[in-house]
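The values are calculated or read from the model by the stated rules, or taken from the named source; none is laboratory data. Small disclaimer: the values here were computed from a predicted structure and weren't measured. Glycine gets a Cβ as well: all are built from the backbone with ideal geometry, and neighbour counts include every protein chain shown. The area values use the complete protein model at the heavy-atom level, side chains included, leaving out ligands, DNA and RNA. Shrake-Rupley method; radii C 1.70, N 1.55, O 1.52, S 1.80 Å.
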Amino acid sequence: MLKFSSHDFPPLPYEATDRPSKRLKREEDTMAEQASASHDYPTINDLPDELILDILDSLPSLDLDNSHLATLLSLSITNRRFHRLVAKPLYASFNSFFCEPYLFLRTVITSPHLAQLIQHAKITYGGFARCKRYKPILQDKRILRQGLRALGIPDWGTWANKCHNPFDDISDIIQSTILMYTPKLKSLGVKGERYNEKCIRNHKWIEMIKRANLGTPIGPHHSFECLRYLSIEVANSTLMDLAPVFQTPSLRVLTLIYLNGDNENDLGALTMRIPLHCNNLEELHILNGLVSTSVLEIMLSSARGLKRLSYELELMFKSRSTYQDNVPGLVETLACQRPTLESLSFACDERAELHFRGAANLYKGLRNFPALKHLSCPLNSIADTRQRVSSAPLAQKLPPSLQALGVTLRRNSDGVDFVARANLERMAATCSTYAPDLKTVRIRVEKLLGLQEEYDWALLMEPFSWNGVDLVVEHRG
């Protein structure tokens, strides 16, 4: 893990100095002439800006295993020309795993032109935040107070004191303050402790989004008008807590991980918080969460035209022995997005399937979804493998516009060995009639299913190939 001291980051000094662009250009030209006169062979200083930018583009983005932040920092402090060229990729992203939040906040306050370059931010809390906490000196505190006062936020003095209070958890307020200085922010990722006791509704960034959507932002800062992608990975977060993000007009892709929407009892209040057609979401991804179909219907109905849905239903955190009755089925829940839905990925563990009984399946079929091109689901969620004879052929449940189908044969599904073979063979023989656009079928077989060793997959490959469909079989451990 790379470690940086306060001298390494930020690359600019505390006090920002305004220099005329002509003077900077003249100084760079002088440095280039001096470098050329001192030797007879070319160096990197002799390369034009375009080539240096191409070299920078080859550096991978920030990640845990291969970070080039140190390289960019070294180039940035080499000379003014390299700082000017490196500033854009260096400040394109803020990730509190790599960058100490207080130092980054100090930089964007003293250098507003760098804040305009930030397009992506990932903020973390609890054990996920690895950076050692920086202890600000008196000059740092003065800079932050002056910045907040200039920003014009209400009660800026109290806000500044919270940023410096050593007895408070300041990670939320510091990182939320950074968001005030990022008007060009396109994507935001939030990650917290999986079992954090602090409720996400108390996070400052949620309050900022809520006020921005109501037209009463905290001070004259931006209103997240450029935000397109939002990912929230906080365990036990409820839909009522996250309701403000659904009313962000600019948002297009929303990913919710570990969402617990099974205990949302007041559906009327939830509908008021997330009304019909209140956003422009194109993609919604609910991963490793517990969401009833009643709550899912509210989420789906909020979008004017959803194109992609990923729904991983997982019974987590606590054991549930009761069954949910009188809830809408999954196919009925998806009906509100029938005209526009192009891709559906559904997964459901066996405990959640038992908990929701008949609701967590696609037994009724997706024949009436005219735009659906990509479908991925467990085989027993669309063909009832518990029955020795399926009520309807699998091919007749597929939408006619389907181009790619992925099914999973799960290890412990009752009767799946016998019924799966029959369903797949009948689909291979009739797919050209019911799904004429189908091009690819991907079958994922879980290990120790029995079907992996006993079944001859060539029996499926031949009829699929006759109909112009590529069959891919994967054996998963």
Original post:
Given R₀ = 25 Å, FRET efficiency for Met240-Ser187 by Cβ-Cβ distance, to 0.05?
Top reply: 0.55
Original post:
Packing-wise, with mean Cβ within 10 Å as the measure, how do 370-383, 139-152, 241-254 rank, highest first?
Top reply: 370-383, 241-254, 139-152
Subject >> Estimated distance in nm for a label pair at His277 and Trp466, the labels positioned 7 Å out from Cα along Cα-to-Cβ >> reply: 4.8
**OP:** Quote the FRET efficiency, to the nearest 0.05, computed for Ser250 versus Thr433 with a Förster distance R0 of 41 Å and r equal to the Cβ-Cβ distance.
**Re:** 0.40
Subject >> Distance (nanometres) between label positions extended 7 Å along Cα→Cβ at His113 and Glu350 >> reply: 6.3
Subject >> Residue-span extension gain [Glu50 to Leu267] - 0.36 nm each, minus C-alpha spacing >> reply: 72.5 nm
Original post:
Where does each of Glu332, Glu462, Glu353 land when they are ordered by accessible area, with a 1.4 Å probe and the largest first?
Top reply: Glu462, Glu332, Glu353
Original post:
Ordering Met240, Met461 by how much accessible area each has at a 1.4 Å probe, largest first, what is the list?
Top reply: Met461, Met240
Original post:
In terms of modelled amide H atoms, which long-range or inter-chain residues lie less than 5 Å from the amide H of His285?
Top reply: Leu254, Thr255, Leu256, Ser310
**OP:** Give me the net charge of Glu282's neighbourhood, meaning all other residues with Cβ under 9 Å from the Cβ of Glu282; Lys, Arg count +1, Asp, Glu -1.
**Re:** +2
Original post:
Based on the Cβ-Cβ distance of Cys226 and Gln139, what FRET efficiency does E = 1/(1 + (r/R0)^6) give at R0 = 45 Å, to the nearest 0.05?
Top reply: 0.90
**OP:** Leaving ligands, DNA and RNA out of it, work out the accessible area of Ile55 with a 1.4 Å probe and give it in Å² to the nearest 10.
**Re:** 90
**OP:** For the stretch 422-432, take each phi angle, set θ = phi - 60°, evaluate the Karplus expression 6.51 cos²θ - 1.76 cosθ + 1.60, and give the result in whole Hz per residue in order, putting x for glycine and proline.
**Re:** 5, 5, 5, 5, 5, 5, 4, 7, 10, 5, 5
**OP:** Measure off 7 Å from each Cα along the Cα-to-Cβ vector at Val473 and Leu459, then give the distance between these two points in nanometres to one decimal.
**Re:** 1.0
**OP:** Give me the number: length gained by fully extending Thr43 to Asn79, i.e. 0.36 nm times residue separation minus the C-alpha to C-alpha distance, one decimal in nm.
**Re:** 11.5 nm
